[in-house]
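Participant: Below is one structure. I have some questions about it.
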Amino acid sequence: MSTINHAFTDTEFVEREDTSVYETGEPVLYAVSDGVATVTLNRPQFHNAQNSQMTYALDAAFQRAVADDAVKVIVLRGAGRHFSAGHDIGTPGRDINKSFDRVSGWYDHVNKPGGEFLYAREQEVYLGMCRRWRDLPKPTIAMVQGACVAGGLMLAWVCDLIIASDDAFFSDPVVRMGIPGVEYFAHPFEMHPRIAKEFLFLGERMGATRARELGMVNRVVASSGLEQATYDVARRIAAMPRMGLALAKQAVNHAEELQGKRAAMEAAFGWHHFAHVHNELVSGDKLGGYDARSMADSQRGGRK
């Protein structure tokens, strides 16, 4: 009989079968067919928890798709039962103290003191990368099944369309950590501000059907038909002129910026990092207030 180990992600006490090899294969897979690039998060044993290796590999895959003239549309999906359970804050593959070749203008966070450590890192791997992915000139579609939680929301929200299975759920329970929400703070743009407050204050699951009713999700389909529905949409989009798609995307994204999305996100990012520093001063832990079992219990409840 296999034993069960526990590993922390942003949002749940992940249960997995014990294996002698924690990481198998590349953290992100890439393939192209019929004008559609498929980018797959590939840490299913940890419900696609996002360590830095995965994040940089994801950035490289998106850039590869943009550079390929044969690619018209990008589909982002997760291997296994879940799209993504969030940022990696405790699996054996956690690599927060490791340096990577940076892709923005920010300097390396490793060995920086106090709040500078997370601030520099998250400017690069979270806020900076997510903003760049949102503005890719090619349409992106998130194909979501199972959990799309905290850091998983950021990956889905940067995509232009979200197609979800009827078993998918969305949540951002990081208020339990004394933090006002994930770094890419798009909540009041993805849903009505009053609903965004409920979403954050309670930290409960939101089912795919309600997410569609609120306009956060484009389509909800049966789990068995998720892949076909997603690629049907992707191929129809791929038949459109590349320049027309790029300009239409720019126009809508610009309208969001005029509504204050970037400015709101900058302020929320600052409050997010005040919370990290406050937690460290009070508890000695940047993630102070984190209770893994309580967080897990909040995500095992029924969907709203």
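The values are calculated or read from the model by the stated rules, or taken from the named source; none is laboratory data. Predicted, not measured: the structure shown is a model, and the values here were computed from it. Neighbour counts are summed over all protein chains in view; Cβ atoms, including those assigned to glycine, are modelled from backbone coordinates with ideal geometry. Ligands, DNA and RNA are stripped out before the accessible areas are found, and what is left, the full protein with its side chains, is counted by its heavy atoms. Shrake-Rupley method; radii C 1.70, N 1.55, O 1.52, S 1.80 Å.
Participant: Any residue in segment 225-237 that is open to solvent by 40 Å² or more (accessible area, probe 1.4 Å), among the hydroxyl-bearing types (S, T, Y) and touching a strand residue (DSSP E or B) at 6+ places or on another chain (Cβ under 8 Å)?
Facilitator: We begin by selecting, within segment 225-237, every residue open to solvent by 40 Å² or more (accessible area, probe 1.4 Å); these are 227-228, 232, 235-236.
Subsequent filtering for residues that are among the hydroxyl-bearing types (S, T, Y) retains none.
No, that holds for no residue.
Participant: Please enumerate the residues belonging to segment 249-265 that are open to solvent by 60 Å² or more (accessible area, probe 1.4 Å) and either among the polar types (S, T, N, Q) or at pLDDT below 90 (or both).
Facilitator: Within segment 249-265, Q250, Q259 meet the criteria.
Participant: Take the residues in segment 149-171 that are assigned to a helix (DSSP H, G or I) and in contact (Cβ under 8 Å) with a residue 60 or more places away in the chain; name whichever of them is farthest from D232 (Cα to Cα).
Facilitator: Our first condition is that a residue be assigned to a helix (DSSP H, G or I); within segment 149-171, this holds for 151-157.
Keeping just the survivors that are in contact (Cβ under 8 Å) with a residue 60 or more places away in the chain gives 151-152, 155-156.
Numbers: G151: 27, G152: 23, L155: 21, A156: 19 Å.
The residue in question is G151.
Participant: Could you say whether any residue in segment 191-213 is without any contact (Cβ under 8 Å) to a residue 24 or more places away in the chain and of a type in the set (G, A, S)?
Facilitator: The answer is yes; a qualifying residue exists.
Participant: So, one more: Write out, first by first residue and then by second, each pair whose Cβ atoms fall under 6 Å of each other, whose residues are 6+ apart or on separate chains, and whose first residue, in segment 218-231, is within 10 Å of V144 (Cα to Cα) and touching a residue at least 24 places away in the same chain (Cβ under 8 Å) while the second is in a helix (DSSP H, G or I) and not aromatic (F, W, Y).
Facilitator: V220/A208; V220/T209; V220/R212
Participant: Being part of a loop (DSSP other than H, G, I, E, B) and open to solvent by less than 60 Å² (accessible area, probe 1.4 Å) is the filter here; which residues of segment 107-139 pass it?
Facilitator: Narrowing segment 107-139 to residues part of a loop (DSSP other than H, G, I, E, B): 107-115, 135-139.
The answer is D108, H109, V110, G114, G115, L136, K138, P139.
Participant: For residues in segment 266-304 being surrounded by 16 or more Cβ atoms within 10 Å (Cβ to Cβ), modelled with pLDDT of 80 or more and touching a Pro at 6+ places or on another chain (Cβ under 8 Å), which is nearest to G114 (Cα to Cα)?
Facilitator: A275
Participant: Something else about it: Return the residues of segment 1-49 that are in a loop (DSSP other than H, G, I, E, B), at pLDDT 95 or above and farther than 17 Å from T230 by Cβ; say none if nothing qualifies.
Facilitator: Matches in segment 1-49: N42 only.
Participant: Just for segment 60-106: of the residues that are of a type in the set (K, R) and modelled with pLDDT under 90, which one is surrounded by the most Cβ atoms within 10 Å (Cβ to Cβ)? Walk me through it before giving the result.
Facilitator: Quick first cut of segment 60-106, residues of a type in the set (K, R) only: 64, 72, 77, 81, 94, 98, 102.
Those still in the list that are modelled with pLDDT under 90 too: 94, 98, 102.
Details: R94: 19, K98: 10, R102: 16.
Only one residue fits best here, namely R94.
Participant: List every residue pair whose Cβ atoms sit under 6 Å apart, with the two residues 6 or more apart in sequence or on different chains, where the first one lies in segment 172-189 and is at positive phi and the second, anywhere, is part of a loop (DSSP other than H, G, I, E, B) and crowded, with 23+ Cβ neighbours inside 10 Å.
Facilitator: Listed by first residue and then by second, the contacts come to G181/D172.
Participant: Taking into account only those residues within segment 46-63 that are closer than 11 Å to G93 by Cα and not small (G, A, S), which is nearest to the chain's Cα centre (by Cα)?
Facilitator: Kept after step one, since they are closer than 11 Å to G93 by Cα, are these residues of segment 46-63: 46, 49-54.
With the extra rule that they be not small (G, A, S), the set shrinks to 46, 50-51, 53-54.
Working: F46: 14, Q50: 8, N51: 11, Q53: 14, M54: 11 Å.
Checking each candidate, the answer is Q50.
Participant: Anything in segment 53-93 that is touching a helix residue (DSSP H, G or I) at 6+ places or on another chain (Cβ under 6 Å), more than 22 Å from A229 (Cα to Cα) and among the polar types (S, T, N, Q)? List them, or say none.
Facilitator: Correct list: T55, T91.
Conditions tested, residue by residue: (1) touching a Leu at 6+ places or on another chain (Cβ under 7 Å); (2) within 21 Å of L200 (Cβ to Cβ).
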| residue | (1), (2) |
| --- | --- |
| N111 | no, no |
| F117 | no, no |
| L127 | no, yes |
| P139 | yes, no |
| A150 | no, yes |
| S165 | yes, no |
| F185 | no, yes |
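Participant: Then there is this: Would you confirm, using the coordinates I've provided, whether Y119 is over 15 Å from A57 (Cβ atoms), touching a residue at least 12 places away in the same chain (Cβ under 8 Å) and touching a His at 6+ places or on another chain (Cβ under 6 Å)? Give the steps one after another, and end with the answer.
Facilitator: Working: over 15 Å from A57 (Cβ atoms): yes; touching a residue at least 12 places away in the same chain (Cβ under 8 Å): yes; touching a His at 6+ places or on another chain (Cβ under 6 Å): yes.
Criteria met by Y119.
Participant: Quick check on my filter: what residues within segment 185-220 are open to solvent by less than 50 Å² (accessible area, probe 1.4 Å) and either hydroxyl-bearing (S, T, Y) or within 14 Å of L161 (Cα to Cα) (or both)?
Facilitator: Correct list: E190, A208, A211, M216, V217, V220.
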